[in-house]
1. Of the residues LEU452, LEU482, LEU498, which is of a type in the set (A, V, I, L, M, F, W, C), assigned to a helix (DSSP H, G or I), crowded, with 18+ Cβ neighbours inside 10 Å and more than 34 Å from the chain's Cα centre (by Cα)?
2. Being in contact (Cβ under 8 Å) with a residue 60 or more places away in the chain, buried (at least 22 other Cβ atoms within 10 Å of the Cβ) and of a type in the set (A, V, I, L, M, F, W, C) is the filter here, so list the residues in region 323-340 that pass it.
3. Evaluate region 81-88: report whether one residue or more is within 15 Å of the chain's Cα centre (by Cα) and open to solvent by 20 Å² or more (accessible area, probe 1.4 Å).
4. Tell me which residues, restricted to region 103-135, are in a helix (DSSP H, G or I) and not hydrophobic (A, V, I, L, M, F, W, C).
5. Mind listing just one residue for me: the one in region 428-442 that is part of a helix (DSSP H, G or I) and either in contact with a strand residue (DSSP E or B) (Cβ under 6 Å, 6 or more places away or on another chain) or of a type in the set (S, T, N, Q) (or both) and, of those, surrounded by the fewest Cβ atoms within 10 Å (Cβ to Cβ)?
6. Would you point out which residue out of ALA424, ALA399 is surrounded by 21 or more Cβ atoms within 10 Å (Cβ to Cβ), at pLDDT below 95 and either farther than 22 Å from TRP85 by Cβ or not charged (D, E, K, R) (or both)?
7. Which of (1) open to solvent by less than 10 Å² (accessible area, probe 1.4 Å); (2) in a helix (DSSP H, G or I) is the odd one out, the single condition LEU139 does not satisfy?
8. So is THR53 within 21 Å of the chain's Cα centre (by Cα), of a type in the set (S, T, N, Q), surrounded by fewer than 22 Cβ atoms within 10 Å (Cβ to Cβ) and at pLDDT below 95 or not?
Amino acid sequence: MVMAITVMAVTLKHTNMRITCHTDPKTLHSTAVLAGGYLIVSLLFNLLFCPCTSPLWNRLIGDQAMFSIIGKNWANDLLPYVCTWDSKGPLIFFFNMVGHKIASGETGIFFLQVLNMAGVLLISHLYMRRWCRLGHELLFQLLFMMNYVIICSYGGNQVGDSTQLLGTWAVMCAYDWSRGLELRRYAHPWGYAVVYGMFTAGCLLSRLTNSLVILTIAVIAAVILIWHRLWRNLLANILGFVLGFAIVFLPFATYFAWHGAFGEMWYATFTYNLDYAAKSTTAQWPGISLAIHRIAFAMCLLLPLAVGVISLIDRERRAVALVWTIAVLPTLVWIVNSYCFSHYFLSYMPVLLVAFMELAAHAHAHRIARWFLGLSAAFITSWALYEACFLPKLFGKDAIVEKSVELTHDIPLSDPMIAYNIDATYYRYTHRLPCYRFFCSQDWAIQNSSSLRPKVRECFKSGKAKWVLVAQYNTSEIKGLLDKDYTVYRRDVASDLLLFKRKAK
């Protein structure tokens, strides 16, 4: 976050931004009050609606438990991918590692989450005040946070959180440029390309598909510059994008290469996820539930399409509408062909602010825009309230994890042990450290890329684990290995759990 703010200052200096900075005491005081206000809002929001980091909840689920475990190990000099593995880039693990360095448990991560969201609100405020009234801006920020409740019903510290600050900044830069197209200002500030490059590198180091909207904007900008023969501006933007990408990517690449683990990092970050993207399919939910949930998640991508339709009707602001309609289409195509998890939409949320500002601009003259604005605001508000009421029900202890804890309650913590096909929260509740780098939901990971199978099997051949707790043993990828080297020590038929003990030699 500190790096992003530093580069922001340099970028603003070298672009056509007109955010005025005053140094008189009254302005400085109002700015400090504003920043403090957003910090308080972020603190209260994260306390109430982010159960995976909030000290009021103190609850973890699968993904966040994995991120926290890997981050904690990294804080203790145990390298990600080499010591504990997950199919994500290192940025989310870095976020968790820094959090564990700051404070024990999830407190440090919570502190970073508060700063991160406050930064998102402050950056969006600095840009939005140039384009809309204060009342509209505050309303749109409130709806933005409600949309966060809808998308992140599993409570903070998700992959998209680690790049949301850069993502918001990139969307605001893209919107500023697209507004200039209405005045035939085709040149694209190279500093904005720096921001796009930083965000794209951050997404590559977390989840590359999170950058789809901004990458599409970058392509649109390049096409327009080529069409108008703005070659010098095009070259400056290419160099700016490369510079921004290098600022974020090179430190991580250098770090893992220095530790001899760049290949492992690249496999988990990119190679594995090529297979994952190809294998993923949209989950099927029954009837109306499917439609409502997906509409709620995808408001940030669907509203720009509504703006596009309105701009065709009233023949105004067509350039802005066309840019953002094209920008969201590839992402929607990908989403339809993915697992469509709610947290996939987290990185696209700032586009919602763009859609609201455009609807507000059309609403002055056209009733249909006012209807779209009012109905979408009502839908987001009502669905956020529903999620807020439903949220506590999501965080009961998983039945398999609960039974797993019971089966292993008397196993000494000093004994090397690993869980197979069991949620990562098992380690949280038992205070155990996994003795293998593939430590949870292994068959699910293999299912999404067969290239992982030999790595998992080789890991489990090492013989380090004295105890192996397995769910779905009969269909597991390590059944043969267990039959050879382990005997059943304890079982629970109802939950299909077996605890194996290594045979004495």
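1. Only one candidate qualifies: LEU482.
2. VAL323, TRP324, ALA327, VAL328
3. yes
4. Once the filter is applied, which keeps residues that are in a helix (DSSP H, G or I) and not hydrophobic (A, V, I, L, M, F, W, C), region 103-135 yields THR107, GLY108, GLN113, ASN116, GLY119, SER124, HIS125, TYR127, GLY135.
5. Applying the filter and picking the extreme gives THR430.
6. ALA424
7. LEU139 satisfies every listed condition except (1).
8. It is false that THR53 is within 21 Å of the chain's Cα centre (by Cα), of a type in the set (S, T, N, Q), surrounded by fewer than 22 Cβ atoms within 10 Å (Cβ to Cβ) and at pLDDT below 95.
The values are calculated or read from the model by the stated rules, or taken from the named source; none is laboratory data. Just so it is clear, the structure is predicted and the values come from calculations on it, not from any experiment. Using ideal geometry, Cβ is built from the backbone for each residue, glycine included, and neighbour counts are taken over all protein chains shown. Protein only, heavy atoms only, side chains kept; ligands, DNA and RNA dropped before computing areas. Shrake-Rupley method; radii C 1.70, N 1.55, O 1.52, S 1.80 Å.
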